[in-house]
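Nothing in this text is a laboratory measurement; each read-out follows from the coordinates by a stated rule. Not measured: the values here are computed from a predicted model. Don't worry about glycine lacking a Cβ; one is built from the backbone with ideal geometry, like all the others, and counts go over all protein chains shown.
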Amino acid sequence: MRSGLIPLFQGAGVSAILHAGDVCAPWVLSQLEQVAPVHAVRGNRDWALLPHLPLTLQLEFGGLQIGLMHGHGRFWRYVKDKGRAMIARVTVDRYLRRALATFPEASVVIFGHTHLPVNTWVDGKLAFNPGCGCCPGPKHPHPTAGLLHISGEGEIKGEIIVLA
């Protein structure tokens with residue numbers, strides 16, 4: 001976890017932290033819980049140390065339904081996706097569509113897995129992937145985090161923040 005993440009959340013005055021999986025270590029959740037209540041789902045890197053985390057969560061904030069998932073699905077779906085990735089490039093769009101289909105009633109769908117930030121509107125729903133807050137790589141050269149701003153009128157805005 002990047003050192004700038006906790007100060008970002010504290011400075012923004014977040015009321016909850018939604019983690020889209022690949023927590024990787026239980027201490028990460030403990031640190032985040034010092035800032036605000038944490039709602040986390042299991043990523044493919046969490047099978048061994050955090051098997052108790054659910055694969056999906058349906059939450060409500062400010063009267064809005066929010067769907068939260070990592071995106072890899074169950075083990076065999078993950079293996080199938082990995083096999084496809086060896087043959088052809090797997091795009092963010094595959095996981096975005098999967099998230100939208102998983103939560104048809106949600107106003108916002110949050111997903112992870114690709115480690116690439118997404119902040120876009122699809123058919124009147126906000127599709128949001130905060131990216132990866134810890135490990136830059138060739139597909140995500142800068143660590144990122146996301147903030148969701150929900151107004152009292154139920155309007156929502158996603159924001160991707162590049163971490164130092």
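For this structure, a couple of remarks:
- When only Cα pairs below 8 angstrom with a gap of at least 6 residues are kept, the chain shows a relative contact order of 18 percent.
- Gyration tensor verdict on the chain (Cα atoms; rounded if a/c is under 1.5, prolate if a/b is larger than b/c, oblate otherwise): rounded
- Cβ-placed point charges (K, R +1; D, E -1), dipole of the chain about Cα centre in debye, nearest 20: 860
- Counting neighbouring beta carbons within 10 Å and listing from fewest to most, the residues Leu68, Leu163 come out as Leu163, Leu68.
- In this structure the amide hydrogen of Asn119, modeled in the peptide plane, comes within under 5 Å of the amide hydrogens of Asn129, none closer than 5 places in sequence on its chain.
- Structure-based [θ]222 nm, the chain - -39500 (n - 2.57) summed over DSSP H runs of at least 4, per residue, nearest 500: -7000 deg cm²/dmol
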